[in-house]
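Undergrad: First the structure, then my questions, so here it is.
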Amino acid sequence: MKNTQHLLSNRLFWIIFACFSVFYFKGLFSLIYGTDATIYASLSAEMMETKSWLQIFHKGNDYLDKPPLHFWLSAGSFSLFGINSFAYKLPSFLFTLFGTYSTFKLGKLLYNSQIGKIASILFYTSFAVILINQDVRTDTILVGIVVFSLWQLITYVQTANWLNLILGFVGIGFAMLAKGPIGLMVPVLSLGVHFLVKKEWNHILKWQWLVGIFISLIVISPMLWGLYTQFDLQPNKEFNLAS
């Protein structure tokens, strides 16, 4: 890793970060566009107005297309800043910053600070990440939380610190609240590949992972309860996934 020692100075890092932050900041005030983003913004505004946080509706109809975290955050932001583009996009941008920092910490943990800086600036300047901060969907929040979860869980593997295990699986729970089972599968598959490449077979069957799964279940329990009361208690209810 010696070749990476002077690839990205702190000054150059912050110059690049500041330049791209201008684009992100300007985008916070641009119009909400895209079919999904406009539906999610409308749904979040409805959630704020009706105070129906666990049972989700869009235009008065039952909604079961996406988990609730994105709507919770957008509705909360609407409550603070009013119903506008800035309020809708702000939570996703904050999670992008969170993901950028987590990427740095993960790269530093696995390699060194230079690799962490390069990885984080690549993340922050990625066209895909910039795009999902404009056409805001559930993916923006998902990405930031997944990187955080991996950082915490790999830290746990290296240090055996229970706090990192707890934070990692809390992150997985929130990732599932953001976009369902993929929030669990991405960290699990990433860790599995990491263990296989490092030939750390002993980590695969740790009993502590069962504790972590229980922690994630606690985190997603509000969503599960909302689904139960909205649908399972009313088995004859009809709804449209695309509504």
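The values are calculated or read from the model by the stated rules, or taken from the named source; none is laboratory data. Predicted model only: the values in this text are computed from it and were never measured. Because the Cβ atoms are built from the backbone with ideal geometry, glycine has one as well, and the counts that use them run over all protein chains shown. When the accessible area is computed, the model is the full protein with side chains, heavy atoms only, and any ligands, DNA or RNA have been set aside. Shrake-Rupley method; radii C 1.70, N 1.55, O 1.52, S 1.80 Å.
Undergrad: Hey, any idea what % of region 1-67's accessible area is carbon plus sulfur with a 1.4 Å probe? Could you put the intermediate results ahead of the total?
TA: Working: 2860 of 4460 Å².
After summing per-atom areas, the C and S share lands at 64 percent.
Undergrad: At 222 nm, what helix-only mean residue ellipticity would the chain give, in deg cm²/dmol to the nearest 500, using -39500 (n - 2.57) for each DSSP H run of four or more? Before the final figure, lay out each step's value.
TA: Numbers: 10 runs with 168 residues, N = 243.
Helices in the chain give a 222 nm mean residue ellipticity of -23000 deg cm²/dmol.
Undergrad: Can you work out ³J(HN,Hα) from phi for every residue in region 116-127, in order, using Karplus 6.51 cos²θ - 1.76 cosθ + 1.60 and θ = phi - 60°, giving whole Hz and x for Gly and Pro?
TA: x, 5, 5, 4, 5, 6, 5, 4, 5, 9, 4, 4
Undergrad: Working from Cα positions, state the angle (0 to 90°, nearest 10) between the long axis of helix 35-50 and the longest principal axis of the chain.
TA: Once rounded, the angle reads 60 degrees.
Undergrad: When the Karplus curve 6.51 cos²θ - 1.76 cosθ + 1.60 is applied with θ = phi - 60°, which whole-Hz ³J(HN,Hα) does each residue of region 66-71 get, with x for Gly and Pro?
TA: Once rounded to whole Hz, the list reads 9, x, x, 4, 4, 6.
Undergrad: When the solvent-accessible surface of protein heavy atoms is calculated with a 1.4 angstrom probe, in what order do 198, 117, 26, 105 fall, highest first?
TA: Working: 198 115, 117 20, 26 155, 105 55 Å².
Highest to lowest solvent-accessible surface, that is 26, 198, 105, 117.
Undergrad: May I ask for log10 I(q)/I(0) of region 121-227 at q = 0.11, 0.12, 0.24 Å⁻¹, from a Debye sum over the Cα atoms as equal point scatterers with solvent left out?
TA: Log10 I(q)/I(0), no solvent term: -0.37, -0.44, -1.29.
Undergrad: Once fully extended, how much extra length lies between residue 127 and residue 57, figured as 0.36 nm per residue of separation less the alpha-carbon to alpha-carbon distance? Intermediate results must be reported in sequence, preceding the final value.
TA: On the way: separation 70, 0.36 × 70 = 25.20 nm, distance 3.22 nm.
My answer for the length gained is 22.0 nm.
Undergrad: Separate question: Quick one: among 53, 151, 209, which has the greatest mean-square fluctuation in a GNM of the chain with alpha-carbon springs under 10 angstrom?
TA: Fluctuation is largest for 209.
Undergrad: A further question on this structure: With only alpha-carbon pairs counted, each pair once and no self-pairs, how large is the Kirkwood hydrodynamic radius of region 1-69 in angstroms? Walk me through the numbers on the way to the answer.
TA: Values: mean 1/r = 0.0635 Å⁻¹.
Its Kirkwood hydrodynamic radius stands at 15.7 Å.
Undergrad: Sticking with this one: Report the gain in length on full extension from residue 199 to residue 19: 0.36 nm times residue separation, minus Cα-Cα distance, nm rounded to one decimal.
TA: Values: separation 180, 0.36 × 180 = 64.80 nm, distance 4.09 nm.
Contour length minus the Cα-Cα distance gives 60.7 nm.
Undergrad: Quick check: with the 1.4 Å probe, what order do 31, 94, 69 take by accessible area, largest first? Before the final figure, lay out each step's value.
TA: On the way: 31 140, 94 90, 69 10 Å².
Largest accessible area first, the residues go 31, 94, 69.
Undergrad: Which order do peptides 43-50, 122-129 fall in by mean Cβ count within 10 Å, highest first? Provide the component values of the computation, followed by the final result.
TA: Details: 43-50: 19.2, 122-129: 15.2.
Averaged packing, sorted descending, gives the order 43-50, 122-129.
Undergrad: Would you list, by chain and number, the lysines whose Cα falls below 19 Å from the Cα of residue 108, excluding same-chain residues fewer than 8 positions away?
TA: In chain and number order, the partners are 2, 117, 198.
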